[in-house]
1. Enter the Cα centre distance for the pair region 334-358 and region 155-173, rounded to the nearest angstrom.
2. With +1 on the Cβ of every Lys and Arg and -1 on the Cβ of every Asp and Glu, and nothing else charged, how large is the dipole of the chain about its Cα centre, in debye rounded to the nearest 20?
3. Going through the cross-link list K166/K241; K247/K359; K203/K359, which pairs have a Cα-Cα distance over 30 Å in this structure?
4. Only helical DSSP H runs with n ≥ 4 go in: add -39500 (n - 2.57) per run for the chain, normalise by residue count and round the 222 nm mean residue ellipticity to 500 deg cm²/dmol.
5. Which of A291, L89, G107 sits farthest toward the positive end of the charge dipole of the chain, with +1 on the Cβ of Lys and Arg and -1 on the Cβ of Asp and Glu?
6. What translational diffusion coefficient, to the nearest whole µm²/s, does the chain have by Stokes-Einstein, given a Kirkwood radius computed over alpha-carbon pairs, a temperature of 10 °C and 1.306 mPa s viscosity?
7. Among I254, I188, I157, whose mean-square fluctuation peaks in a Gaussian network model of the chain (Cα, cutoff 10 Å)?
8. Along each of its three principal axes, how wide is the spread of alpha-carbon positions in region 112-158, in whole angstrom units, largest first?
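What follows draws every value from the coordinates through simple rules; no lab data is involved. Because the structure is a prediction, the values reported are computed rather than measured. Heads up, the Cβs are rebuilt from the backbone with ideal geometry, glycines too, and the neighbour counts pull from every protein chain shown.
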Amino acid sequence: MNNATNSSDQSGIGLDTLVIGGGQSGLAMGYYLSRQNRKFLILDENQRIGDAWRQRWDSLRVFTPAKYDGLPGAPFPADPLSFPHKDELAGFFAEYAARFDLPVQTGVRVERLWHEGDRYIAAANGHRWEASNVVVATGAERCPKVPRFAAELDPSIVQFHSSAYKNAGQLQDGPVLVVGLGNSGAEIALEVSRTHPTLAAGKPAGEIPVKHGRAAARFVLPVIRFAGLYVLNLGTPLGRKAVPALKAHGAPLIRTKTKDLAKAGVEFVPRVAGVEDGVPVLADGTRAQVANVIWCTGFQEEFGWIDPALLEDGGMPRQYRGVALDSPGLFFLGQDFLYAATSATLPGACRDARYLASKIPAPVTRGSALSVTQARGVAHSSLPE
Ligand code: FAD
């Protein structure tokens, strides 16, 4: 285990709040907890702060302009209308943790979380941490989703999920089938089409009808950000209607559009329906004779390491806006559509972190007139929503 910062006592004894996951969501949470002078600790599986971004493909630039890529208390240090490279974002997160002296212990993958008495217990590698409150900020892209029939592909076909894609050098000669036309699928298809004949299977969930770039960052993305934060959320009638549909269909294409793919020579094909004799078969019955398959089929949330007693029907947390409804002191942050269309993006996660920090019960201090039960019900209201 590594201590990314050497600040406070990281023994895990007498913690008020434990944050599991030290990506942007966990760090934003840490910022608010430190402002509340709580005794907290952030645990992260990766070796370095920012690794979740570093591990993504080599050429990746964020689609949110730098003006929206800051964390609480620190704007992103770049031209506000530019689109930072993923490694710049990772470096910024590491500097952020150091600047605000956030206690982050890296190299710790929490394997189990459960409730005992009035404390939560997290366990990893034979160690345990106890806290009154736990914030699960483990990210929405933890568990790649790949159709079962992927296992039936002939071993001579190179295949991997978009989360393992780095660059076209991982591919063998011959055509590539990119399965899934969300933002990752579109960007990866465009990149590999420069070196390989490329087929793109599936349909995008719409497209933002403007060219992505500096002008969009100035005039259009602010409107989209506003809608994603303040309109398309569970607090508005429109949001309550739209969010489940958006969740089911995914986000529209933001930067790389179908016309860019067509121009690059990408061939659009129907969705992949299965595998026959080791070859992918499309919905129209065609066999796609390809040498490579990249599954850009998204992610699923995975809370198997959390005691099922803390989850609804043993699977997902029953929560509203990240506050677990049946487990006082348990919070979730950074999941897709947790509250708004932007909840799993930088602006949305930072807003959700500020809200959650205001909902974590005030620590009970010796001599306080509050009982534990009362304290659990008290919203820490020093921070604005
Ligand atoms: P993560 O960054 O995934 O961080 C979670 C952390 O938790 C990780 O460090 C992981 O190691 C740790 N962890 C997980 N499980 C455990 C465990 N059991 N114990 C200990 N630690 C654990 N958003 C934008 O706003 N703008 C963009 O341009 C943008 N581009 C994106 C491009 C791609 C390809 C993807 C996949 C996402 C993009 N996003 C973007 C969405 C989002 O901002 C990122 O996914 C971001 O990384 C989410 O931050 P997070 O902190 O919630 O989760």
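1. One Cα centre to the other: 32 Å.
2. 1220 debye
3. Those over the limit are K166/K241; K203/K359.
4. On the way: 10 runs with 91 residues, N = 385.
Mean residue ellipticity, 222 nm, calculated: -6500 deg cm²/dmol.
5. Working it through, the farthest residue towards the positive pole turns out to be L89.
6. On the way: Rh = 22.2 Å.
It diffuses with D of about 72 µm²/s by this estimate.
7. Highest fluctuation of the listed residues: I157.
8. Here the spans come out as 52, 23, 15 Å, largest first.
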